[in-house]
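Data first, discussion second: the structure below is written as structure tokens.
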């Protein structure tokens, strides 16, 4: 079966511990993920959900694998847009690897269906979110304040 896959690799001047905290701490997530609220206790089998600031659910899922501070795999279901939700669940894997004075973060988001509209949409969103994450950890400020990058 053909897959749809998005892979994003970035190098962040930080430690694995600080990057892991940023990926799993609700208050930090809100800073770089456009005020999104992520709820999870970060254990294998735990439910995972992401909502807008107003509480409306955007995504849900389950932690399939977790190896602090190296790897998280999430079964991810889009909830906010019916045509994307209809495509079914995807899988998001975040891998951290120390390299010199930085950490290589690789985010792989994939779905077992060709030409997924969800993966296409997620690729745009991930680019903005991960740029914000990198900026926040390296400078203390995010690069973008709105998902479109506009004022």
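Quick note: the coordinates plus some simple rules give every number you see, no bench work behind them. Here the structure is a predicted model, which is why all the values come from computation and not from measurement. No Cβ is skipped: glycine too gets one built from the backbone with ideal geometry, and neighbour counts run over all protein chains shown.
Among [x] 37; [y] 73; [z] 33, which is the computed percent of Cα pairs over 23 Å apart?
[z]
Helix-only estimate, please: 222 nm mean residue ellipticity of the chain, summing -39500 (n - 2.57) across DSSP H runs of length 4 or more and dividing by its residues, to the nearest 500.
Estimated from H runs of four or more residues: -8500 deg cm²/dmol.
Provide the gained length on full extension for the span residue 146 to residue 80, in nm with one decimal, where the gain is 0.36 nm per separating residue minus the Cα-Cα distance.
Taking residue 146 through residue 80 to full extension adds about 22.0 nm, to one decimal.
Can you tell me the FRET efficiency between residue 13 and residue 124 if r is taken as the Cβ-Cβ distance and R0 is 25 Å, rounded to the nearest 0.05?
E between residue 13 and residue 124, to the nearest 0.05, is 0.50.
May I ask you to derive the relative contact order of region 1-139, considering only C-alpha pairs under 8 Å and at least 6 residues apart, and to give it as an integer percent?
Here the relative contact order equals 31 percent.
Taking the alpha carbon gyration tensor of region 63-146, what are the square roots of 5 times its eigenvalues, largest first, to the nearest whole Å?
The answer is 25, 17, 10 Å, longest axis first.
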